[in-house]
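Data first, discussion second: the structure below is written as structure tokens.
The values are calculated or read from the model by the stated rules, or taken from the named source; none is laboratory data. Keep in mind that this is a model prediction, so the values were computed, not measured. Neighbour counts run over all protein chains shown; Cβ positions are idealised from the backbone, glycine included. Heavy atoms of the whole protein, side chains included, go into the accessibility calculation; ligands, DNA and RNA do not. Shrake-Rupley method; radii C 1.70, N 1.55, O 1.52, S 1.80 Å.
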There are 4 protein chains.
Amino acid sequence: MDSVQSVELEVPQKKGVNITKPRVWLKNEVVRVGLAESLCTYVMMVFGLGSVAQVVTGQGAFGQYLSINLGFGLGVAMGVHVGGTVSGAHMNAAVSFTMCTFGRLAWKMLPVYVCSQLLGSFLAAGTIYGVYYEAIHDYCGGNLTVTGVKATAGIFATYPAPYLSLLAGFIDQVIGTAMLLLCLMALSDQKNKPAAMGSEPIAVGLLVLLIGISLGSNSSYAINPTRDIAPRVFTAIAGWGADVFRSGNGWWWVPLVAPPIGGVLGGGLYKALVEMHHQTLPEQGQGKNEKLEDESIPLEKLKNICADVCV
Amino acid sequence: MDSVQSVELEVPQKKGVNITKPRVWLKNEVVRVGLAESLCTYVMMVFGLGSVAQVVTGQGAFGQYLSINLGFGLGVAMGVHVGGTVSGAHMNAAVSFTMCTFGRLAWKMLPVYVCSQLLGSFLAAGTIYGVYYEAIHDYCGGNLTVTGVKATAGIFATYPAPYLSLLAGFIDQVIGTAMLLLCLMALSDQKNKPAAMGSEPIAVGLLVLLIGISLGSNSSYAINPTRDIAPRVFTAIAGWGADVFRSGNGWWWVPLVAPPIGGVLGGGLYKALVEMHHQTLPEQGQGKNEKLEDESIPLEKLKNICADVCV
Amino acid sequence: MDSVQSVELEVPQKKGVNITKPRVWLKNEVVRVGLAESLCTYVMMVFGLGSVAQVVTGQGAFGQYLSINLGFGLGVAMGVHVGGTVSGAHMNAAVSFTMCTFGRLAWKMLPVYVCSQLLGSFLAAGTIYGVYYEAIHDYCGGNLTVTGVKATAGIFATYPAPYLSLLAGFIDQVIGTAMLLLCLMALSDQKNKPAAMGSEPIAVGLLVLLIGISLGSNSSYAINPTRDIAPRVFTAIAGWGADVFRSGNGWWWVPLVAPPIGGVLGGGLYKALVEMHHQTLPEQGQGKNEKLEDESIPLEKLKNICADVCV
Amino acid sequence: MDSVQSVELEVPQKKGVNITKPRVWLKNEVVRVGLAESLCTYVMMVFGLGSVAQVVTGQGAFGQYLSINLGFGLGVAMGVHVGGTVSGAHMNAAVSFTMCTFGRLAWKMLPVYVCSQLLGSFLAAGTIYGVYYEAIHDYCGGNLTVTGVKATAGIFATYPAPYLSLLAGFIDQVIGTAMLLLCLMALSDQKNKPAAMGSEPIAVGLLVLLIGISLGSNSSYAINPTRDIAPRVFTAIAGWGADVFRSGNGWWWVPLVAPPIGGVLGGGLYKALVEMHHQTLPEQGQGKNEKLEDESIPLEKLKNICADVCV
């Protein structure tokens, strides 16, 4: 959900090149980032919601619970390829919020990310409803319900298991998102053992698959405010009605509030226990980026080096 | 289905070296590309159709729906290894068509690709019928049918679910192929977050696996005209008869017409929302290839650089 | 479970730089390594135990045996990313013990590793009990038992199959851990075919997944003393009582004693049959590290080379 | 099953360095290669047979058919890591035979490979019988049979499906092994789209997984003489008796004879349709190795280059 390289939009403004036209540049950048973030969230959600629709309407003949884990996991991987280096492919307001908290994203970009994610997520819900319209109506006999044997609202938004209290569900969402951000921090920590260059999308995808396998049965692992609320609103409009907000003892606000808290908690835990203790070598300056440049030698750098020493 | 590096056959003809013998060179190139495209399509289809045959005739003892997703997904990955840099391993007329539309393949090469794919796909259907001849006849008691409890035509070509209308099936195929091409464009966009060098085959394979998991239950995700029509013709000849064209309210033309439309739609969407907005740095020239050369320094380039600065 | 690069803590003390302040340095290093080892064990165990909890309490609706294999396999992969180059991410006392035996870890660091692993493992058991508290009590009706139809102690620690004798279980654990260490040695042997640079976490994760698939049904493949005893103690305290030690004919000591023996056996087998026979080239000096530096050229080395030859 | 880099044992003898002591060197080399080939075959077979034992004796509670595919697939991957660059990790007499046919292995090394594979395979069968001794006897009530509801001989060697004739089984094994070698050739063809450097083991493992998913239900995809005959002999001795040779209408010789034929067929097909048509550039000399050296610049080469141009 985090492209591992988050965009730091304040940095370019500090550079002399952009000083003369910051407003235009920012507007373009917002459009550019917003479009990419919308598209990658859309891709992730079409694959994720599609896998749930297939399992629910297929009644076991077209995949099982593991298919859903794979659908969201690989969907996230494809989303990271699509959003990639343009927006960072957060696809998750809890990730964006945590990035802002730890200074990896400008706070003023947060609304851009959240709105783009909501848009992509809403359109994906519409797409999946369109693709599986006949399958859903054939399955439930045209009776769109949130609870019951033939309930179909769970294709779009998450609902808690019958035994789950709101408090336990809140803890479940905090811990699920904490594990997500803790591991995302590790996957992008260049001074530790990060995901291999170019394999970040699949590494992040496997992480989401893993959370589904191990922390998913309580409340279907939303761990993502924007993934959950936009399809919920869609279902409210599309025919499931206000039950999508009433169901589960008013569950709908939990995936909005708990994940950002969990994200900061998990990310902070990794920072406190591992990242803070990395030994800084005096000559490494800004750490991460410097080190990366050390390892791969771009053509121009090489020219300069040769020029420096030879001449 | 796309080897990520599509062959651009017009380029060599523009180079001086080939000017003197374009006709011979083209003929050889057509044979070379055609053979590779046939073989990789054959490999993909043997693995894909084999996985369906095993699930159908094994009645659950030798794999489930997920096996079929894995069979086609990993089959595509192996096909990309086989066709590789020779033909680009499209293995899908919708991919070839989209590549032509976006100028990545010469239009005159399209018939070569389509015919090679049809040939490979047809031979694979024959191979799988040979390998599973006794299994299929043991399963259905020698009664080769397209519909019914012991139907076996679905091993070779795709058929829609009973609830699916032709219109909904058309939309299903458009959207499935659109997601395929959208993500293929991202996987090969060197200015974004492409598949890591050398891992393209497995990335494309996981994408096809993902489409099977999330967009497969309506009509068995053909998303590929050549994958579908050649085995359908084979079954018509081999004993299933004209029902393979009549079944599903005359379904057979949908996987031929919808995928190319979806492919251009999905590829265009990625181009419009992401690729067009990449900031072109003035010194990057032709973009993609230039950048790649920047990152890996071939021996000869290095010599020249050193020579340039040192001497 | 082994980060493939084990920390060799005696080496820095031999270097002149650290001679003046070895005690302070060591204390800091112990804290640094201990925190990372605790956190990565915690991460691995939360994902692993979570996947078991989900399968047991979900009664088949939220995953099957394969989910547990994936949970521990990918959990180990994420743990290696988290512990990474700081502690080496052993997460397993049998791995630490084998590393000490073969001189890849100082013996005095063994207690630090074991205690950190016990702490992480215990806290993970607590976390999973918290997250699945309502699910577990809903499943077993509040009756926490070690044996019987609704037994839940197996979520946390391992218990043998009914048919298994203590001797056979001991052999099972010796061979399981031997296969683990044999393959870990191969995955990190730079003179053979090691895991690709950066892909070590997923390679080790697939190895653990594989052991679960092939050597797991006898006694749930603990192959790890610290993974097993800490959650067992937790369940003894949390309400399952002394049965967790009595069950399986007093099984609890087997996962403590057998894995270290198996680890040394398997690691030794690889060394005796493969590693010892590598042909040492005279100019390679210390082998592994030298060779690695040859392949990637850091910026400073390049400067020196250019300076050496040019000036 | 093929480490992608097969050892070419005749080459060193041609070099001046080894001329003085070829006999001693060869003897050592035979021991070195034989030990590695035995160990990697052992590792592959322990994981593979273990996964079958678990599925059979677990009666569905510890994995399904897919587990067996994963067990052999990932087992092959680990075997390639273990045998690696020492023996090439064929682990399959059909692979060794094909390599000899295409001149990638000296014919006089074939007996060394086959004997090592037989030894490793036999010991693995013994190990798995030891580990699952109580499970197998608990499952079948101490009655070791080759056919029937509680048959257990299929844990060790392959047997055809009831419907399969010997001729169809022969074709099944020829085609299965042909697909294996065809794809192995592609995975190691440096002029096409080979497996990424370092990812060969997992690529080969996925290929074997894929064959199990798509070409496995007829006769359990032996596609390997040494994998099949050694465990069959073991079971004949260990208590299953002569039925292991009588069963399936005398099936035992098919996995011995068909795979080498299939291997040469598949490898030859790839060579004829793809490899032979690669355009050789005049300056590339020996092709593969030359090209590889171009891409990664070793330290010493760099020194020489700089020295050449600067001085």
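Quick grid of which residues meet (1) over 18 Å from the mean Cα position of the chain (by Cα); (2) buried (at least 19 other Cβ atoms within 10 Å of the Cβ); (3) modelled with pLDDT under 95:
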{"site": "B:P231", "(1), (2), (3)": "no, yes, no"}
{"site": "B:I237", "(1), (2), (3)": "yes, no, no"}
{"site": "B:A242", "(1), (2), (3)": "yes, no, no"}
{"site": "B:R246", "(1), (2), (3)": "yes, no, no"}
{"site": "B:G250", "(1), (2), (3)": "yes, no, no"}
{"site": "B:P255", "(1), (2), (3)": "no, yes, no"}
{"site": "B:I261", "(1), (2), (3)": "no, no, no"}
{"site": "B:G266", "(1), (2), (3)": "no, yes, no"}
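Taking interchain pairs and intrachain pairs at least six residues apart, which have beta carbon atoms under 6 angstrom, with the first residue in the range C:164-185 and more than 9 Å from every other protein chain (Cβ to nearest Cβ) and the second at pLDDT below 95 and open to solvent by less than 10 Å² (accessible area, probe 1.4 Å)? Taking only residues 6 or more apart or on different chains, the pairs are C:L184/C:D2. If I ask for residues that are more than 15 Å from the chain's Cα centre (by Cα), within 7 Å of chain D (Cβ to nearest Cβ) and surrounded by 24 or more Cβ atoms within 10 Å (Cβ to Cβ), which ones from the range B:30-56 would you list? Once the filter is applied, which keeps residues that are more than 15 Å from the chain's Cα centre (by Cα), within 7 Å of chain D (Cβ to nearest Cβ) and surrounded by 24 or more Cβ atoms within 10 Å (Cβ to Cβ), the range B:30-56 yields B:G50, B:S51, B:Q54.
Just checking, does the range C:195-213 include any residue being touching a residue at least 40 places away in the same chain (Cβ under 8 Å), farther than 25 Å from C:Q64 by Cβ and facing another protein chain (nearest Cβ under 10 Å)? Yes, some residue in the range C:195-213 is touching a residue at least 40 places away in the same chain (Cβ under 8 Å), farther than 25 Å from C:Q64 by Cβ and facing another protein chain (nearest Cβ under 10 Å). Pairs linking a residue in the range A:242-264 that is in contact (Cβ under 8 Å) with a residue 60 or more places away in the chain to a residue that is open to solvent by 50 Å² or more (accessible area, probe 1.4 Å) and β-branched (V, I, T), with Cβ atoms under 9 Å and 6 or more positions apart or on different chains, are A:D243/A:T147; A:V244/A:V233; A:S247/A:T147; A:G248/A:T147; A:A258/A:I171; A:P260/A:T101; A:G263/A:T101; A:V264/A:T101.
Taken over the range A:147-185, the criterion of being at pLDDT 95 or above and among the polar types (S, T, N, Q) is satisfied by A:T152, A:T158, A:S165, A:Q173, A:T177. All conditions but one from (1) open to solvent by 20 Å² or more (accessible area, probe 1.4 Å); (2) closer than 22 Å to A:S220 by Cβ; (3) in contact with a Ser or Thr (Cβ under 9 Å, 6 or more places away or on another chain); (4) modelled with pLDDT under 95 apply to C:L66; the one that does not is (4). Taking the criterion of being closer than 29 Å to D:A238 by Cα and not in a helix (DSSP H, G or I), the residues of the range D:155-201 that qualify are D:F156, D:A157, D:T158, D:Y159, D:P160, D:A161, D:P162, D:Y163, D:L164, D:S165. If the condition is being surrounded by fewer than 24 Cβ atoms within 10 Å (Cβ to Cβ), among the β-branched types (V, I, T) and more than 14 Å from chain D (Cβ to nearest Cβ), then the range B:74-110 contributes only B:T101. When the range C:118-159 is limited to residues that are open to solvent by 30 Å² or more (accessible area, probe 1.4 Å) and either within 10 Å of another protein chain (Cβ to nearest Cβ) or touching a Lys or Arg at 6+ places or on another chain (Cβ under 9 Å) (or both), the one that is farthest from A:G169 (Cα to Cα) turns out to be C:N143. For the range D:214-227, filtering for residues that are under 14 Å from D:G262 (Cβ atoms) and within 10 Å of another protein chain (Cβ to nearest Cβ) leaves 2. Pairs linking a residue in the range C:91-118 that is of a type in the set (D, E) to a residue that is open to solvent by 10 Å² or more (accessible area, probe 1.4 Å), with Cβ atoms under 8 Å and 6 or more positions apart or on different chains, do not occur.
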